[in-house]
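One structure is given here, and the rest of the page talks about it.
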Amino acid sequence: MTDVGISTHTYASPSSSIVPVQPAAVELLTARSKVLSRWGRWYVFGAHAVIAYGVPRLSADVDVTVDLVPNEPERFAREMEAAGFALRVDDPDFVRRTRVMPFVHLATAMPLDVVLAGSGLEEEFLERARAVDVGGAIVPLIDAGDLIIAKILAGRPKDLEDARGLWGLRGRDLDADRIRRTLELLEEALSQSDLLTSFESIQGPGTREN
């Protein structure tokens, strides 16, 4: 991830999610949490984070980012296997190339993508993640503003639709200026010019300032 500077906050206390996620995802997250608690900070992002913030969404997998400590993916994979997960790739270089560990939860057949956090933006997202009750499982969830940033950065039509839904439900409580500053830094770092435009479009007309 791109190294950008963003102000940090501490974890919030647990709170209830607005929309319960599907039971298979709760079972997966419960099993996953037992391993992750031994390997450092982490958070749920992607579609299930969107659902937890109240936006209706279908998803067949779960996405998490983890700051792996110690940085030993092979041993982490063995612990995940002992907890009922199996890696979906055989290429030992895949993780080093992509920083993604794709698993499947054998009990539910639900895919789980584990993203290994890098320095910069993902570190800031880890700082702002907050513990929430997702269908009965207490898990760290990416901050809603950071989720909007991640969705805009991903840039696919369904990601921008997720960002629009999140802003519609949560925008009144979010720091739009912080989101803009982060997107400006990302545009500069990535030589892109469409991130701020995408954010303004999901806000709708007449919402340039909070």
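The values are calculated or read from the model by the stated rules, or taken from the named source; none is laboratory data. Note that this is a predicted model, so its numbers are computed, not measured. No Cβ is skipped: glycine too gets one built from the backbone with ideal geometry, and neighbour counts run over all protein chains shown.
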*Looking at (1) touching a residue at least 60 places away in the same chain (Cβ under 8 Å); (2) over 20 Å from Gln192 (Cβ atoms); (3) of a type in the set (A, V, I, L, M, F, W, C), which is the one condition that is false for Ala150?*
(2)
*With the checklist (1) more than 27 Å from Trp167 (Cα to Cα); (2) in a helix (DSSP H, G or I); (3) under 16 Å from the mean Cα position of the chain (by Cα); (4) not charged (D, E, K, R) in hand, flag the one item Ile51 doesn't pass.*
(1)
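Rundown of residues vs (1) in contact with an Asp or Glu (Cβ under 9 Å, 6 or more places away or on another chain); (2) acidic (Asp, Glu); (3) within 19 Å of Glu124 (Cα to Cα); (4) without any contact (Cβ under 8 Å) to a residue 24 or more places away in the chain, yes/no style:
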{"position": "Val26", "(1), (2), (3), (4)": "no, no, no, no"}
{"position": "Val55", "(1), (2), (3), (4)": "yes, no, no, no"}
{"position": "Glu72", "(1), (2), (3), (4)": "no, yes, no, yes"}
{"position": "Met80", "(1), (2), (3), (4)": "no, no, no, no"}
*Among (1) of a type outside the set (Phe, Trp, Tyr); (2) buried (at least 19 other Cβ atoms within 10 Å of the Cβ); (3) farther than 21 Å from Ile138 by Cα; (4) out of contact with any Pro (no Cβ under 6 Å at 6 or more places or on another chain), the one test that Val95 misses*: (4)
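Have a look at Ser59, Ser7 and point out the one that is of a type in the set (Ser, Thr, Tyr), outside any helix (DSSP H, G or I), within 15 Å of the chain's Cα centre (by Cα) and modelled with pLDDT under 95. Break it down stepwise before answering.
Values: Ser7 fails: within 15 Å of the chain's Cα centre (by Cα).
The unique qualifying residue is Ser59.
Please go through the stretch 88-111 and pick out each residue that is farther than 18 Å from Ala154 by Cβ, outside any loop (DSSP other than H, G, I, E, B) and either hydrophobic (A, V, I, L, M, F, W, C) or at pLDDT 95 or above (or both).
So in the stretch 88-111, the residues farther than 18 Å from Ala154 by Cβ come out as 88-97, 101, 103-110.
Those left that are additionally outside any loop (DSSP other than H, G, I, E, B): 94-97, 101, 103-105, 110.
Selection gives Phe94, Val95, Met101, Phe103, Val104, Met110.
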